[in-house]
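Asks: Take a look at this one; I'll ask things after.
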Amino acid sequence: ETGVTQSPTHLIKTRGQQVTLRCSSQSGHNTVSWYQQALGQGPQFIFQYYREEENGRGNFPPRFSGLQFPNYSSELNVNALELDDSALYLCASSFMVTGELFFGEGSRLTVL
Amino acid sequence: KNQVEQSPQSLIILEGKNCTLQCNYTVSPFSNLRWYKQDTGRGPVSLTIMTFSENTKSNGRYTATLDADTKQSSLHITASQLSDSASYICVVSGGYQKVTFGIGTKLQVIP
């Protein structure tokens, strides 16, 4: 158990819809990173939040957005869903931006 | 371009046997290297973390090695168990925000 919780664990959406995924970080961690993991691939960095501000972004379009709250929990929002957005979305918390990553169990998104 | 390459892509071994997984990286600058175990459909769990000055680190039946000169790491699993069946991901940090993941080695341990 890493202390990082994600919700929902599974969800199904249709093309064009919007989705919000949530992550509660481990106690004492002030940094949250989000990753997209397609089937059979390694996780791809989406963005990182540190003290409620975006602190780095991977090669993802603006329809991927996020938030971090004062309690350091975080949301990932994806607008105008596409079929290729189907993946496991992983949240990882850390203490400071270069700290060891502790992953949640992920949210499995299927876009039909 | 920062890259992490793992081999083999997949591996099947008999329960009780040993195996070694490889990771080569081109990440620069180098901060640390981590091995994660990821069960299917679940989040990765850290096995070891190694910095530039460390060349061996053990965690139970898992032993990781690091050669920072050749930019290679290995993960050795001793006396494999069925529960070791998972993907093993090598992750290299190049400092601030620069975290690069390998695609993993899928290990299957059979009775």
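The values are calculated or read from the model by the stated rules, or taken from the named source; none is laboratory data. Just so it is clear, the structure is predicted and the values come from calculations on it, not from any experiment. Quick reminder, even Gly has a Cβ in these numbers, built from the backbone with ideal geometry, and neighbours come from all protein chains shown. All accessible areas refer to the heavy atoms of the entire protein, side chains included, with ligands and DNA or RNA removed. Shrake-Rupley method; radii C 1.70, N 1.55, O 1.52, S 1.80 Å.
Asks: Which members of the range B:62-102 meet the condition of being outside any strand (DSSP E or B), away from chain A (no Cβ under 14 Å) and open to solvent by 20 Å² or more (accessible area, probe 1.4 Å)?
Replies: Scanning the range B:62-102 gives B:Ala68, B:Asp69, B:Thr70, B:Lys71, B:Thr78, B:Ala79, B:Gln81, B:Leu82, B:Ser83, B:Ser85.
Asks: Show me the strands (runs of 3 or more DSSP E) found entirely inside the range A:2-98 where at least 3 residues are in contact with an Asp or Glu (Cβ under 8 Å, 6 or more places away or on another chain) and of a type outside the set (S, T, N, Q). Let's see the steps before the verdict.
Replies: Values: elements: A:5-7, A:10-13, A:19-24, A:31-37, A:44-50, A:53-57, A:64-68, A:74-78, A:87-94.
Per the criteria, A:19-24.
Let's see how each residue does on (1) aromatic (Phe, Trp, Tyr); (2) at pLDDT below 90; (3) within 20 Å of A:Leu101 (Cα to Cα):
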{"position": "A:Lys13", "(1), (2), (3)": "no, no, no"}
{"position": "A:Ala38", "(1), (2), (3)": "no, no, yes"}
{"position": "A:Gln41", "(1), (2), (3)": "no, yes, yes"}
{"position": "A:Tyr49", "(1), (2), (3)": "yes, no, yes"}
{"position": "A:Gly56", "(1), (2), (3)": "no, yes, yes"}
{"position": "A:Phe60", "(1), (2), (3)": "yes, no, no"}
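Asks: A further question on this structure: Scan the range B:9-42 residue by residue and report those that are outside any strand (DSSP E or B), closer than 14 Å to B:Val99 by Cβ and either basic (Lys, Arg) or open to solvent by less than 40 Å² (accessible area, probe 1.4 Å) (or both).
Replies: B:Val27 - this is the single residue of the range B:9-42 that is outside any strand (DSSP E or B), closer than 14 Å to B:Val99 by Cβ and either basic (Lys, Arg) or open to solvent by less than 40 Å² (accessible area, probe 1.4 Å) (or both).
Asks: For the range A:48-75, what are the residues that are touching a strand residue (DSSP E or B) at 6+ places or on another chain (Cβ under 7 Å) and within 13 Å of chain B (Cβ to nearest Cβ)?
Replies: The first filter runs over the range A:48-75 and keeps only residues touching a strand residue (DSSP E or B) at 6+ places or on another chain (Cβ under 7 Å), leaving A:48-50, A:52, A:54-58, A:60, A:63-68, A:72-75.
Hits for the range A:48-75 are A:Gln48, A:Tyr49, A:Tyr50, A:Glu54, A:Asn55, A:Gly56, A:Arg57, A:Gly58.
Asks: Out of curiosity, is A:Phe45 of a type outside the set (Val, Ile, Thr), facing chain B (nearest Cβ under 10 Å) and under 23 Å from B:Asn32 (Cβ atoms)?
Replies: On the way: of a type outside the set (Val, Ile, Thr): yes; facing chain B (nearest Cβ under 10 Å): yes; under 23 Å from B:Asn32 (Cβ atoms): yes.
Yes: the conditions hold for A:Phe45.
Asks: Can I ask one more? Restricting to the range B:47-61, and then to whatever is among the hydroxyl-bearing types (Ser, Thr, Tyr) and surrounded by fewer than 18 Cβ atoms within 10 Å (Cβ to Cβ), can you tell me which residue is nearest to A:Cys91 (Cα to Cα)? Quick ask: steps written out before the conclusion?
Replies: From the range B:47-61, those among the hydroxyl-bearing types (Ser, Thr, Tyr) are B:48, B:51, B:53, B:56, B:58; that's our starting set.
Narrowing the set further to residues that are surrounded by fewer than 18 Cβ atoms within 10 Å (Cβ to Cβ) leaves B:51, B:53, B:56, B:58.
Working: B:Thr51: 24, B:Ser53: 29, B:Thr56: 29, B:Ser58: 26 Å.
The residue in question is B:Thr51.
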